[in-house]
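Step one of this worksheet: look at the structure below.
The values are calculated or read from the model by the stated rules, or taken from the named source; none is laboratory data. Only a predicted model underlies this, so the values are computations on that prediction, with no experimental measurement involved. When we count neighbours, we look across all protein chains shown, and the Cβ atoms used for this are built from the backbone with ideal geometry, even at glycine. Quick note on the areas: whole protein, heavy atoms, side chains included, nothing else; ligands and nucleic acids left out. Shrake-Rupley method; radii C 1.70, N 1.55, O 1.52, S 1.80 Å.
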Amino acid sequence: MNFESSAQPVARRLKILIYGAPKVGKTWFAIHTPDPLIIDTESSTDAYRGRADLPPFTVAKTASPLEVTPLLEELHKTGA
């Protein structure tokens, strides 16, 4: 069990699931959020990578949506 003092602030991160029809701008929206980590199961970020006109973003590419849960577990362990 971990005991923590309530006097210590906790860094919080916003977690968002973006869902919508094809070509409505989900990836574009995700790229423009502050310091994003994009879990890309459909290679939708490929068209935006390496572009100087876009802010930098981190991509976790997966071959299958089934890999998302283990990825989230790993992120949780590292505190990301």
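Tabulated data for the structure shown
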{"read-out": "For segment 1-75, accessible area per residue (1.4 Å probe, heavy atoms of protein chains only), Å²", "value": "87"}
{"read-out": "For the chain, calculated [θ]222 nm from helices alone, where every DSSP H run of n ≥ 4 adds -39500 (n - 2.57)", "value": "-6000 deg cm²/dmol"}
{"read-out": "Length-normalised contact order of the chain in % [C-alpha pairs under 8 Å, at least 6 apart]", "value": "23"}
{"read-out": "Cα long-axis angle, helix 68-78 against the chain (0 to 90 degrees, to the nearest 10)", "value": "40"}
{"read-out": "Cα shape, segment 9-78, gyration tensor, a/c 1.5 rule", "value": "oblate"}
{"read-out": "Distance between modelled label sites at I16 and A47, nm, 7 Å Cα→Cβ extension", "value": "1.9"}
{"read-out": "Accessible area of segment 5-47 belonging to carbon and sulfur atoms, whole % at 1.4 Å probe", "value": "57"}
{"read-out": "For the chain, size of Cβ-based charge dipole, Lys and Arg +1, Asp and Glu -1, in debye", "value": "200"}
{"read-out": "Exposure rank, largest accessible area first [L75, L37; 1.4 Å]", "value": "L37, L75"}
{"read-out": "Calculated FRET efficiency for the pair A7/L54, C-beta based, R₀ 35 Å, to 0.05", "value": "0.30"}
{"read-out": "GNM flexibility winner over the chain from P65, P22, P56 (Cα, springs under 10 Å)", "value": "P22"}
{"read-out": "Within straight-line cross-link reach of K77, lysines at Cα separation under 21 Å, skipping those fewer than 8 residues along the same chain", "value": "K15, K61"}
{"read-out": "Gaussian network model of the chain, springs between alpha carbon atoms under 10 Å - residue of T58, T69, T45 with greatest fluctuation", "value": "T69"}
